[in-house]
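One structure is given here, and the rest of the page talks about it.
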Amino acid sequence: MRKPLLATLTAVALGAAALAGTTGTATAASAPAGGANPTAATAAAHHDSGKAVPSPANPPASPAAASFAGTVALSNCSGSLVRMPNSQATDPGLVMTNGHCLETGFPGAGEVVVGQSSTRSFTLLNATAGSAGTLKANKVVYATMTDTDVTIYQLTKTYAQIQQSTGIAPLTLSATHPVQGHAIDVVSGYWKRVYSCSVDGFAYRLKEGQWTWKDAVRYTPECQVIGGTSGSPVIDTTTGQVTAINNTINESGGNCTLNNPCEVNEQGAVTVREGIGYAQETHGIPACFTTGNALDLSATGCTLPKPAAASAR
């Protein structure tokens with residue numbers, strides 16, 4: 001899991017390799033999907049390995065023809081405009097990305113952020129990865145890196161208003177568990193790139209540094225995700241719905257260290273899979289949202305971690 005990419009395309013165009021210490025981009029790899037080497041020099045180097053990823057000004061060609069409609073580009077991560085299965089057109093829109101992409105920094109192990117004010121902006125993409133407009137947040141509805149790795153922003157406009165002005169509809173979060181063997185697309189709004197592979201299986205626990213994630217999706221080797229793909233929606237190509245959120249890859253074979261997650265099974269045995277990427281399941285999120293896209297962590301079936309103060313009550 002990486003430290004953040006810096007936001008400005010201007011700096012990238014000048015060939016600046018920059019890192020920031022406040023937001024994150026988890027996934028990093030020495031080569032993009034399909035096995036090709038990166039085609040540009042230094043958009044954003046890994047904060048401790050020195051590995052580089054391609055530049056948005058000169059990204060590698062995407063091997064897949066999946067639609068980008070509904071994905072978003074953050075300043076340093078990827079994300080998507082999402083709706084719950086029961087969301088209505090009049091509800092405020094939601095953007096989903098990783099917890100480690102939160103603008104105020106990585107939430108610590110056990111930390112849950114709820115209702116934090118935000119003025120973050122997102123570039124909404126159309127089907128061909130062109131800009132469809134800018135979305136603006138007014139609140140961090142929920143963010144954590146405990147059990148999962150997710151941030152959900154509330155937008156200043158409803159889905160209907162967004163679709164009227166941009167022509168773009170939200171992606172739907174699936175309320176069912178991902179399926180082993182299903183084909184998936186990891187669609188990065190930051191890089192305007194699609195990684196296509198399959199669900200290889202599931203990690204009972206995925207540990208990286210101080211963080212532990214539950215029941216993580218393991219990719220087949222084709223999804224060699226890179227820095228900036230953090231927060232990308234993982235779309236089940238059978239249903240067209242979001243089944244997970246991309247967040248990390250074991251970069252160099254390290255054992256449970258930053259940028260080198262390890263799998264831990266029910267008996268505590270550790271497995272390291274160098275070069276294998278992972279995503280966090282999202283099927284549990286819809287149960288935590290009620291009428292009007294309101295967060296309710298006490299709702300029946302909601303298993304997202306709660307803030308410490310709320311848990312103590």
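Summary of values
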read-out: Residues of segment 277-294 classified as open to solvent by 20 Å² or more (accessible area, probe 1.4 Å) and of a type in the set (A, V, I, L, M), total; value: 2
read-out: Filter result for the condition that a residue is among the charged types (D, E, K, R), crowded, with 16+ Cβ neighbours inside 10 Å, more than 20 Å from V113 (Cα to Cα) and in contact with a Leu (Cβ under 7 Å, 6 or more places away or on another chain), over E263, E251; value: E263
read-out: Residue count, segment 80-104 (criterion: surrounded by 14 or more Cβ atoms within 10 Å (Cβ to Cβ) and assigned to a loop (DSSP other than H, G, I, E, B)); value: 7
read-out: Those residues of segment 295-304 which are open to solvent by 40 Å² or more (accessible area, probe 1.4 Å) and not hydroxyl-bearing (S, T, Y), in sequence order; value: L295, D296, G301
read-out: One residue from I245, I162 being more than 18 Å from the chain's Cα centre (by Cα) and of a type outside the set (S, T, Y); value: I162
read-out: For P305: the one exception among (1) closer than 20 Å to T146 by Cα; (2) under 17 Å from the mean Cα position of the chain (by Cα); value: (2)
read-out: Some residue of segment 62-73 being of a type in the set (F, W, Y), in contact (Cβ under 8 Å) with a residue 40 or more places away in the chain, out of contact with any helix residue (DSSP H, G or I) (no Cβ under 6 Å at 6 or more places or on another chain) and outside any loop (DSSP other than H, G, I, E, B); value: no
read-out: Candidate set: segment 271-302, residues that are among the aliphatic types (A, V, I, L, M) and touching a residue at least 24 places away in the same chain (Cβ under 8 Å); chosen: the one nearest to L173 (Cα to Cα); value: I285
read-out: Cross-chain or 6+ apart pairs with Cβ under 7 Å, segment 240-254 first and free of Cβ contacts under 8 Å to residues at least 40 places away in the same chain and on the phi < 0 side of the Ramachandran plot, then surrounded by fewer than 24 Cβ atoms within 10 Å (Cβ to Cβ) and part of a strand (DSSP E or B); value: N250/N260; G254/N260
read-out: Hits in segment 192-214 (condition: open to solvent by less than 50 Å² (accessible area, probe 1.4 Å) and not hydroxyl-bearing (S, T, Y)); value: R193, V194, C197, V199, G201, A203, L206, E208, G209, W211, W213
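The values are calculated or read from the model by the stated rules, or taken from the named source; none is laboratory data. This structure is a prediction, so every number in the text was calculated from the model and none was measured. We place every Cβ from the backbone using ideal geometry, glycine too, and count neighbours over all the protein chains shown. Areas reflect the complete protein model, heavy atoms only, side chains present, ligands, DNA and RNA absent. Shrake-Rupley method; radii C 1.70, N 1.55, O 1.52, S 1.80 Å.
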